[in-house]
Amino acid sequence: MPQLEQITIAPGLTFDVLAAGEAGAPLVVLLHGFAESMHCWNAQVAVLANTGYRAVAPSQRGYSPGARPDLNESLNYHIDRLMDDAMAIAGASGYGDARFHLVGHDWGGSIAWSLADRYPQRIASLTVLSRPHPNAFNRALQMPDGEQARRSKHHRAFLDPDATDVVLADNAKWLRDRLPANGVPATTIERHLSILGNKPAMEAALAWYRARGAVRGPLGLIRVPTLFIWGDADDTVGRPAAEGTIEFVVAPYRFEVLPGVGHFAADQSPDRVNDLLLQHIAAHQV
């Protein structure tokens with residue numbers, strides 16, 4: 001079963017992590033997105049450990065109380081810092097500069113795409129849930145029909161100064177409405193809110209958006225074996241962005257569409273995600 005551990009990568013940067021599996025086994029790092037927590041990976045961490053891997057899912061910068069630097073300095077939450085964290089967590093897990101498997105959902109997917117672009121020699125395989133390659137996403141945002149722009153309108157709303165209060169108002173009604181509408185079980189929602197449902201954590205989570213702005217930076221072609229999982233009921237990512245991702249991966253690529261599954265596939269359809277993830281990792285061993 002996953003255990004709650006802590007990993008320190010620098011003074012003031014101590015991360016809570018869900019971890020399981022034998023030390024020294026092939027490493028899998030799993031990065032959560034918004035509006036969720038490391039608990040989105042509970043099922044994946046457990047099955048990976050049972051299959052012979054060491055799985056580590058951190059509660060990322062701002063979500064971990066021990067890794068919540070000054071919010072007044074936006075660069076503290078820039079994606080480059082989030083990338084640095086992930087690489088340092090892999091190293092501090094006892095793997096030094098060894099290659100590892102990388103998994104990301106939503107914002108964690110954005111980080112994962114960027115890491116695969118910057119450090120292809122370190123990533124044995126890449127698995128991304130819901131978040132298309134940034135170039136495909138940016139292209140979809142600019143399409144004349146405006147569909148992807150409508151799906152993503154909350155990204156601009158999160159830049160507003162009062163966004164934290166809006167999201168947490170009425171006992172976090174925004175989250176309590178959105179997560180079950182995407183098939184997230186009630187018990188998992190409470191786990192996410194135990195981490196994210198307070199003002200300091202929410203301010204830090206939204207600081208990721210404020211540090212980035214409304215538009216994702218472009219990336220190069222991905223040269224890491226990639227599995228991209230998208231639910232066709234995802235309310236934030238439309239088909240053009242999802243299907244267009246293939247154009248930006250020049251390594252072995254697999255695109256899996258989950259019928260009727262929403263944005264939070266690991267929570268809504270853990271068994272299917274587990275099957276796909278294990279197949280992909282097994283095909284691209286460290």
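The values are calculated or read from the model by the stated rules, or taken from the named source; none is laboratory data. Predicted model only: the values in this text are computed from it and were never measured. Every residue, glycine as well, gets a Cβ built from its backbone with ideal geometry; the counts of neighbours run over all protein chains shown.
Restricting 23, 19 to residues that are of a type in the set (Gly, Ala, Ser), more than 19 Å from the chain's Cα centre (by Cα) and within 12 Å of residue 93 (Cβ to Cβ) narrows the list to 23. Among the residues of region 154-196, write down those that are hydroxyl-bearing (Ser, Thr, Tyr) and exposed (fewer than 14 other Cβ atoms within 10 Å of the Cβ). Within region 154-196, 187, 194 meet the criteria. Counting the residues of region 245-284 that are part of a helix (DSSP H, G or I), surrounded by 14 or more Cβ atoms within 10 Å (Cβ to Cβ) and of a type outside the set (Lys, Arg) gives 15.
Does region 38-86 hold any residues that are assigned to a loop (DSSP other than H, G, I, E, B), touching a strand residue (DSSP E or B) at 6+ places or on another chain (Cβ under 9 Å) and either among the small types (Gly, Ala, Ser) or under 19 Å from residue 2 (Cα atoms) (or both), and which are they? Hits for region 38-86 are 53, 59, 60, 63. With a requirement of 1 or more residues that are among the β-branched types (Val, Ile, Thr), at pLDDT 95 or above and in contact with a helix residue (DSSP H, G or I) (Cβ under 8 Å, 6 or more places away or on another chain), the helices (runs of 4 or more DSSP H) lying completely within region 91-197 that satisfy it span 107-118, 163-181, 186-196. May I ask you to list the residues in region 121-153 that are farther than 18 Å from residue 217 by Cα and either surrounded by fewer than 23 Cβ atoms within 10 Å (Cβ to Cβ) or acidic (Asp, Glu) (or both)? Hits for region 121-153 are 121, 122, 124, 144, 145, 146, 147, 150, 151.
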